[in-house]
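Comments concern the structure below.
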Amino acid sequence: MATHGTQHVTILIVDDDPSTLLLAAKPLQDHGYTVLKAPGSAEALKLYAEHPVPIHLVITDIFLPPPGFQLSVEKNPYPRVNGLEMVDRLLENKRDLRVILMSSTSAPDLQSRGLIREGLPFLNKPFTGEILLALVEETLAGPPASQGPAKPSASAKGDVEWVD
């Protein structure tokens with residue numbers, strides 16, 4: 001059972017695959033969380049900005065749909081960007097946000113491409129509802145996410161690898 005009063009916790013799941021959205025949302029809803037879903041970064045950024053109650057946790061795929069036609073990223077408040085860049089945009093304005101990154105690509109491969117960050121939990125797809133719930137509860141109990149450095153830290157220890 002979640003220890004955070006799950007009826008007051010809102011989670012935003014961002015993934016362009018409808019089946020992943022469903023598979024992630026169902027166990028969380030069954031556990032009492034309020035779940036919002038977005039198919040891409042533009043929709044997620046807009047939903048986050050306009051949602052009337054705080055969103056406590058964002059679970060996002062790293063590889064989101066590529067941009068179709070869009071205004072330039074600088075002028076557009078809701079651009080299509082990858083999951084990590086979307087997280088950084090959310091963290092610019094929100095200090096008390098928790099984040100879980102997910103992908104079907106392995107963590108070491110993503111790390112070598114600079115697409116995951118030490119300190120942010122990582123969920124490897126496919127995953128079970130039990131693994132998702134355990135990671136969500138662990139993440140909610142931990143400290144808020146922080147914006148990443150412009151380049152990887154030289155002191156990165158990598159002592160916690162949140163991969164199943």
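Within segment 106-131, restricting attention to residues that are outside any loop (DSSP other than H, G, I, E, B) and aliphatic (A, V, I, L, M), the residue that is surrounded by the most Cβ atoms within 10 Å (Cβ to Cβ) is 123. Here is the figure for segment 16-68: residues that are of a type in the set (S, T, N, Q) and assigned to a helix (DSSP H, G or I) total 4.
Screening segment 1-29 for residues that are among the small types (Gly, Ala, Ser) and surrounded by fewer than 17 Cβ atoms within 10 Å (Cβ to Cβ) and picking the one that is modelled with the lowest pLDDT gives 2. Scanning segment 44-67 for residues being farther than 21 Å from residue 107 by Cα, surrounded by fewer than 19 Cβ atoms within 10 Å (Cβ to Cβ), touching a residue at least 24 places away in the same chain (Cβ under 8 Å) and not basic (Lys, Arg) gives a total of 5. Looking at segment 91-105, can you tell me whether even one residue there is surrounded by fewer than 16 Cβ atoms within 10 Å (Cβ to Cβ) and under 16 Å from residue 24 (Cβ atoms)? Yes, the conditions are met somewhere in segment 91-105. The residue of segment 137-153 that is modelled with the highest pLDDT, among those that are among the polar types (S, T, N, Q) and surrounded by 12 or more Cβ atoms within 10 Å (Cβ to Cβ), is 139. Checked against (1) part of a loop (DSSP other than H, G, I, E, B); (2) surrounded by 12 or more Cβ atoms within 10 Å (Cβ to Cβ); (3) more than 14 Å from the chain's Cα centre (by Cα); (4) at pLDDT 90 or above, residue 134 meets all criteria but (1).
The values are calculated or read from the model by the stated rules, or taken from the named source; none is laboratory data. In this text the structure is predicted, and so the values were computed from the model without any measurement. FYI the Cβ positions are ideal-geometry reconstructions off the backbone, even for glycines, and counts take in every protein chain you see.
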